[in-house]
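Single-structure report; data block below.
The values are calculated or read from the model by the stated rules, or taken from the named source; none is laboratory data. All values derive from a computational prediction rather than experimental measurement. All Cβ positions, even for glycine, are placed from backbone atoms using ideal geometry, and neighbour counts span all protein chains on display. For the accessible areas, the whole protein counts, side chains as well, though only heavy atoms, and no ligand, DNA or RNA atoms are used. Shrake-Rupley method; radii C 1.70, N 1.55, O 1.52, S 1.80 Å.
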Amino acid sequence: MKLNTEWLRWTREPETYSITQDKVEITTKPHTDLWQRTYYHFRNDNAPVLQMSTEEKYFSFVVKTEFESKHRFDQCGIVMYLDSENWLKSSIEYENEKFQHLGSVVTNNGYSDWATTAIDASIKSMWYRFSRREDDFCIECSEDGVNYSQIRVCHMWKAVGTIQFGIYACSPEDSSFKAVFTDMEITECRWLAHDGQAPDADFHV
């Protein structure tokens, strides 16, 4: 099902953006980011976030991103922002003319982690698929919107009942760029139930 952009609401509204039924464009503002505590010993919580709410426990959300990032840490991608201390994001972060970081940040109870892999700096488009199975989540990426690779599986302690999820873009340093989001879609959960090692004998759902 195609996502209706009228379902989306700003958690933080950027100064410059446009929204149509088929596309969202965000122009980032310098010194905007999402990060909590861990390692760097600073906290940032001012990135534009555009989300919808759902109680659905099993679904997937797909979006295509295109971006003109050219400065260190410029980023855009998917987000599930519950509150300032509980959220996840996945994106490509520009690093330099040679490579970028494709990865994810998971923040539980005010502490962020960061998992990445290096990709070529020439890549300026990426598809993401965000899937929910109750309070567990899977993030995948694709260069063609067909073949997806897993980035991350994680648990979110505060993701019970209603959650909010969507898109974001930001520029942590002194820069600005345009991020374009298209082909947003909600589908049945593409992250299938686990088929492999059985749960431990004393495990109870």
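Structure notes:
- Relative contact order (%) - criterion: Cα under 8 Å, at least six apart; region: segment 29-116: 22
- Heavy-atom accessible area order for 1, 126, largest first, 1.4 Å probe: 1, 126
- Remark: segment 66-116 carries a charge dipole of roughly 80 debye about the Cα centre, counting +1 on each Lys and Arg Cβ and -1 on each Asp and Glu Cβ.
- Unit charges on C-beta of K, R, D, E only; dipole of the chain, Debye: 220
- Shape descriptor for the chain: Rg over Rh equals 0.95 (Cα atoms; Rh from the Kirkwood inverse mean 1/r).
- The simple Förster model, with R0 at 22 Å and r as the Cβ-Cβ distance, assigns residue 120 and residue 157 a FRET efficiency of 0.05.
- Simple label model, 7 Å out from Cα along Cβ direction - residue 5 to residue 194, nm: 4.0
- With Cα atoms defining each centre, segment 144-160 and segment 13-33 are spaced 24 Å apart in the structure.
- Over the C-alpha trace of segment 42-140, radius of gyration and Dmax come out as 13.8, 42 angstrom.
- FRET efficiency, residue 134 to residue 39 (Cβ-Cβ, R0 30 Å, nearest 0.05): 0.55
- The residue list 48, 81, 123 was ranked by how far each Cα lies along the charge dipole of the chain toward its positive end, using unit charges on Cβ atoms, and 48 comes out on top.
- Backbone HN-Hα couplings from phi across segment 85-97 [Karplus 6.51/-1.76/1.60, Hz, Gly and Pro as x]: 10, 9, 6, 9, 8, 9, 6, 9, 10, 5, 10, 7, 6
- When the surface is traced with a 1.4 Å probe over the full set of protein chains, residue 20 keeps roughly 70 Å² accessible.
- Flagged links, alpha-carbon separation over 24 Å, of 23/70; 29/57; 2/29; 64/89: 29/57; 2/29
- Whole-Hz Karplus values for segment 103-117 come out as x, 8, 10, 10, 10, 10, 6, x, 10, 9, 10, 8, 10, 9, 9 Hz, taken residue by residue from phi with 6.51 cos²θ - 1.76 cosθ + 1.60 and θ = phi - 60°; glycine and proline positions read x.
- Note that segment 66-71 has calculated 3J(HN,Hα) couplings of 9, 8, 10, 4, 8, 10 Hz, one per residue in order, obtained from phi through the Karplus relation 6.51 cos²θ - 1.76 cosθ + 1.60 (θ = phi - 60°); glycine and proline are x.
- Think of segment 129-187 as having a plus end and a minus end, set by charges on the Cβ of Lys, Arg, Asp and Glu; of 156, 186, 142, 156 sits farthest toward the positive end of this dipole.
- Residues with amide H under 5 Å from that of residue 145, placed H, sequence gap 5 or more: 127
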